Amino acid sequence: MGKGMKAGKKPSAGGGKGGMQKQLQQMQAVQRQMEQAQAEIEAKEVEASAGGGAVTVKANGKKEIIDVNLKPEVVDPDDIEMLQDLIMAAVNEALRQIDEISESEMSKVTGGISIPGLF
């Protein structure tokens, strides 16, 4: 053993710049996959209803409400609060479905690792 060498220490076998370059390429590939998954999520649409279908709401993957459908019998001028509650319930369910789809699709890309602030 030469002077200054420690037992069990082996010289690095190309783990320097080449290894970092490979990691960077892998990160870029994951980023592209995540961007593709996000685009697919944004293109999706979900539909949720409340009150036995009296109120139906459609939302897209961008969390935008794109359609609200009310059955005439649910529109009671004397009970506006019920209609408001039904709309709110349907909207919240549609947004929950989009969140669920987003988490599921992104976890496919990230291997189940949660990345805060990403989705």
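The single condition among (1) open to solvent by 90 Å² or more (accessible area, probe 1.4 Å); (2) at pLDDT below 90; (3) more than 26 Å from the chain's Cα centre (by Cα) that Gln84 does not satisfy is (2). When each of Gln28, Gln33 is tested for being within 21 Å of the chain's Cα centre (by Cα) and touching a residue at least 60 places away in the same chain (Cβ under 8 Å), the lone residue that passes is Gln33.
One line per residue, one yes/no per condition, for (1) open to solvent by less than 70 Å² (accessible area, probe 1.4 Å); (2) assigned to a strand (DSSP E or B); (3) at negative phi:
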position: Gln26; (1), (2), (3): no, no, yes
position: Glu35; (1), (2), (3): no, no, yes
position: Ile41; (1), (2), (3): yes, no, yes
position: Val46; (1), (2), (3): yes, yes, yes
position: Val57; (1), (2), (3): yes, yes, yes
position: Asn69; (1), (2), (3): no, yes, yes
position: Glu73; (1), (2), (3): no, no, yes
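All but one of (1) in contact with a helix residue (DSSP H, G or I) (Cβ under 8 Å, 6 or more places away or on another chain); (2) part of a helix (DSSP H, G or I); (3) aliphatic (A, V, I, L, M); (4) open to solvent by less than 50 Å² (accessible area, probe 1.4 Å) hold for Ala90; state the number of the condition that does not hold. The one condition Ala90 does not meet is (1).
Does Met1 fit the bill of being at pLDDT below 95 and not in a helix (DSSP H, G or I)? Walk me through it before giving the result.
On the way: at pLDDT below 95: yes; not in a helix (DSSP H, G or I): yes.
Yes, satisfied.
The values are calculated or read from the model by the stated rules, or taken from the named source; none is laboratory data. Quick caveat: nothing in here was measured; it's all calculated off a predicted structure. All Cβ positions, glycine included, derive from the backbone under ideal geometry; neighbour counts span all protein chains shown. Heads up: the accessible areas ignore ligands, DNA and RNA and are worked out on the full protein's heavy atoms, side chains in. Shrake-Rupley method; radii C 1.70, N 1.55, O 1.52, S 1.80 Å.
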